[in-house]
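The values are calculated or read from the model by the stated rules, or taken from the named source; none is laboratory data. All values derive from a computational prediction rather than experimental measurement. Here the Cβ positions follow ideal geometry from the backbone for every residue, glycine too, while neighbour counts run over all protein chains shown. Ligands, DNA and RNA are stripped out before the accessible areas are found, and what is left, the full protein with its side chains, is counted by its heavy atoms. Shrake-Rupley method; radii C 1.70, N 1.55, O 1.52, S 1.80 Å.
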Amino acid sequence: MQLTRKKGVDLQLTRKQGKGKNSQLMYHLMMLPGMLFLLVFSFVPMLGIVMAFQNYIPAKGILGSTWVGLANFKYMLEIPDSLQILMNTVIIASWKIVLGTIVPVVFALLLNEIRIKWAKRTIQTIVYLPNFLSWVVLAAVVVNLFDYHGPVNTFLATFGVKPILFMGSNHWFRQIIIGSDVWKGFGYGSIIYLAALTGIDPGLYEAAEIDGASRWQQLLHVTLPGMLPIIMMMTALNLTNILNAGFDQIFNLYNPIVYETGDIIDTYVYRVGLLGQQYSLGTAIGLLKSVVGATLMISANQASKKFANMQIF
Amino acid sequence: MKAHTSKTANFFIWLVVLALTASCLLPLLNMVAISFSDSASAAANEVGLIPIHFNLNSYKLILEDSQFWRSFGISVERVILGTAINLILIVLMAYPLSKNKRVFHARNIYMNLLIFAMLFNGGMIPTFIVVKSLGLMDTIWALVLPGAVPIFNVILLMNFFKGLPDALEEAAIMDGASKMTILFKIYLPLSLPALATVSLFAIVGHWNDYFSGLLYMNRAVNYPLQTYIQQLNIDITKITDVSQLSSLASISNKTLNSAKIVVSTVPLLLIYPLLQKYFVTGMTIGSVKE
């Protein structure tokens with residue numbers, strides 16, 4: 001008896017120790033390496049945003065460069081291209097968000113109707129693939145496809161359409177960017193909606209059927225309401241990308257002829273800020289974009305918490 | 001449900017699904033076919049899905065291309081080194097963060113710092129200046145260290161750890177196990193699917209990234225493979241007038257470039273079955289409530 005009791009006390013002691021100072025220190029030590037990397041590569045660069053308020057000259061460094069207040073931001077508004085670049089970014093990103101939600105949802109609904117297991121699996125294997133290839137590789141595929149003498153033009157020629165210089169056309173460039181982005185992501189994007197579909201209670205369909213609901217009515221009144229929370233959450237998440245029109249994609253596909261319709265904030269910052277060494281201007285634009293993005297992300301988190309009872313972070 | 005699907009509806013469902021599936025597969029197959037064709041047919045855009053004048057010349061040329069293999073090697077090195085660093089840091093951070101505030105007092109402070117770093121960043125230019133002033137330019141470290149902590153993946157694993165029963169840890173503490181023992185002997189073996197997901201995300205991310213190579217490598221000999229391929233594609237972005245654009249197909253070495261692209265995707269295709277197995281897990285555990 002006594003022995004058991006003593007053992008019990010010991011156990012309690014050990015448990016307390018497990019939550020005592022030693023283990024606090026251990027937890028801190030575990031966080032340390034990662035936090036050091038974040039300090040150097042995330043938090044220190046954040047200090048670099050002071051360059052946005054300077055006329056930064058690399059040779060003088062941040063401490064030696066002169067302060068110019070909001071001059072960089074004023075200049076940003078005065079550049080004639082500013083409005084165009086902002087419009088390009090928002091237009092391309094908006095279409096990507098809209099079609100990038102609708103197409104995966106519709107695809108998930110259609111795929112859900114296919115009941116032959118092996119066919120479904122094969123289709124899934126194929127449509128998920130483009131998502132894992134880089135834009136470097138896919139840009140080569142897209143350029144080849146839309147080449148002046150390429151497959152798309154050959155196909156159109158059978159309908160008597162004259163060859164189109166897709167990659168050098170301000171009329172077509174945005175469509176190609178939006179289309180190829182949806183193409184890359186729709187398969188992978190449908191995974192989450194397929195999961196949502198399997199989560200809908202089959203009893204609801206049975207009940208609807210007994211009430212004489214047609215398939216179309218079942219879709220409208222059972223399936224879509226069941227998927228709505230997840231669609232809302234994904235849309236909220238995607239909305240945070242309204243200023244991210246997809247640097248990797250556009251950078252690999254654009255050329256000076258289509259700057260008019262295809263140049264976005266990120267490509268501009270890279271070209272003018274980094275290659276053109278206008279560090280202060282580039283940082284100022286980046287800062288503005290970052291603030292808008294962070295604000296949207298926080299709102300999206302609130303919204304998804306409210307509508308879907310899910311939190312992103 | 002099935003009985004209600006009319007034949008016409010079924011036909012259209014299959015038609016749309018198969019068309020979308022074909023759209024994902026055919027352009028890629030075209031690329032493969034071009035890589036096995038002769039240059040003349042490729043330049044004349046005659047190649048469809050089957051190679052014309054099938055030959056392995058492009059692949060033989062690649063074998064002799066030392067820069068291609070050097071870049072390939074840099075990419076492999078980067079994937080191994082980068083993924084290892086990512087995994088160690090993710091695991092070490094996810095464990096303390098999965099504890100609540102009463103157990104790990106500073107937990108919320110760290111969490112807020114992480115979220116702040118995820119939402120907000122200094123941007124391309126300040127990061128570039130930091131990497132440059134640390135003397136990392138033209139070294140493999142410039143490719144792996146700036147992204148050493150993938151915060152989204154830390155949160156993903158943290159959520160997975162949170163789902164493990166507390167009783168496991170309590171039992172281990174009673175047996176006198178240390179935090180490290182608990183993490184490595186109890187938590188990790190139970191988290192294999194989540195770890196696989198996180199590693200695969202890291203591998204694909206490192207393999208596919210071309211931009212840090214472009215930013216941080218001054219000398220082309222140090223380019224990882226995707227940056228090397230990106231430079232092959234680049235002639236299209238350097239073009240300034242329309243006439244150049246239409247003659248591009250004939251001047252560029254289409255078959256060789258296609259073969260290089262095909263070889264560069266082979267490693268991804270090799271791990272693709274694994275990817276497919278685990279990324280569904282990733283998408284579902286990634287969006288867990290806190």
Accessible area buried, both sides summed, chains B and A with 1.4 Å probe, Å²: 9400 Å²
Alpha-carbon centroids, region B:219-234 and region A:250-282: separation in whole Å: 19 Å
Note, ³J(HN,Hα) from phi for region A:257-262, Karplus 6.51, -1.76, 1.60, rounded to Hz, x at Gly and Pro: 5, 9, 4, 3, 10, x
Listed peptides B:149-157, B:67-75, A:269-277, B:223-231 by packing density, highest first (mean Cβ within 10 Å): B:223-231, B:149-157, B:67-75, A:269-277
Ratio Rg/Rh [Cα only; Rh per Kirkwood] for chain B: 1.07
Length-normalised contact order for region B:1-104 - Cα pairs under 8 Å, 6+ apart - percent: 15 percent
Pairs beyond 21 Å (Cα-Cα), from A:K120/B:K277; B:K101/B:K162; A:K184/A:K289; B:K99/B:K179: A:K184/A:K289
Per residue solvent-accessible surface (Å²) - chain B, probe of 1.4 Å: 44 Å²
Calculated P(r) tail over 37 Å for chain A, as whole % of Cα pairs: 40 percent
Inter-chain shielding of A:105-113 (mean C-beta neighbours from other protein chains, 10 Å cut-off): 3
Order by protection proxy (mean Cβ within 10 Å, highest first), peptides A:200-207, A:23-30, B:200-207: B:200-207, A:23-30, A:200-207
Highest to lowest packing among A:184-190, A:214-220, scored as the average C-beta count within 10 Å: A:184-190, A:214-220
Accessible surface of region B:1-139 [probe 1.4 Å, protein heavy atoms]: carbon and sulfur percent: 69 percent
Per-residue mean of C-beta atoms belonging to partner chains within 10 Å, peptide A:122-133: 6
Overall dimensions of the protein assembly as shown by Cα: Rg and Dmax, Å: 26.7, 98
Calculated from backbone phi, Karplus (6.51, -1.76, 1.60) coupling profile of region B:148-161 in Hz, x at Gly/Pro: 4, 10, x, 4, 4, 6, 4, 5, 4, 5, 4, 4, 5, 4
Chain A, relative contact order in percent, only Cα pairs under 8 angstrom and at least six apart counted: 25 percent
Average beta carbon contacts from partner chains per residue of A:191-201, 10 Å cutoff: 1
In order through region B:65-73: 3J(HN,Hα) via Karplus (6.51 cos²θ - 1.76 cosθ + 1.60), integer Hz, x for Gly, Pro: 7, 5, 5, 4, 6, 4, 5, 4, x
Relative contact order (percent, whole number), chain B, Cα cutoff 8 Å, 6+ residue spacing: 29 percent
Interchain or long-range residues, amide H under 5 Å from A:Q54's placed H: A:V68
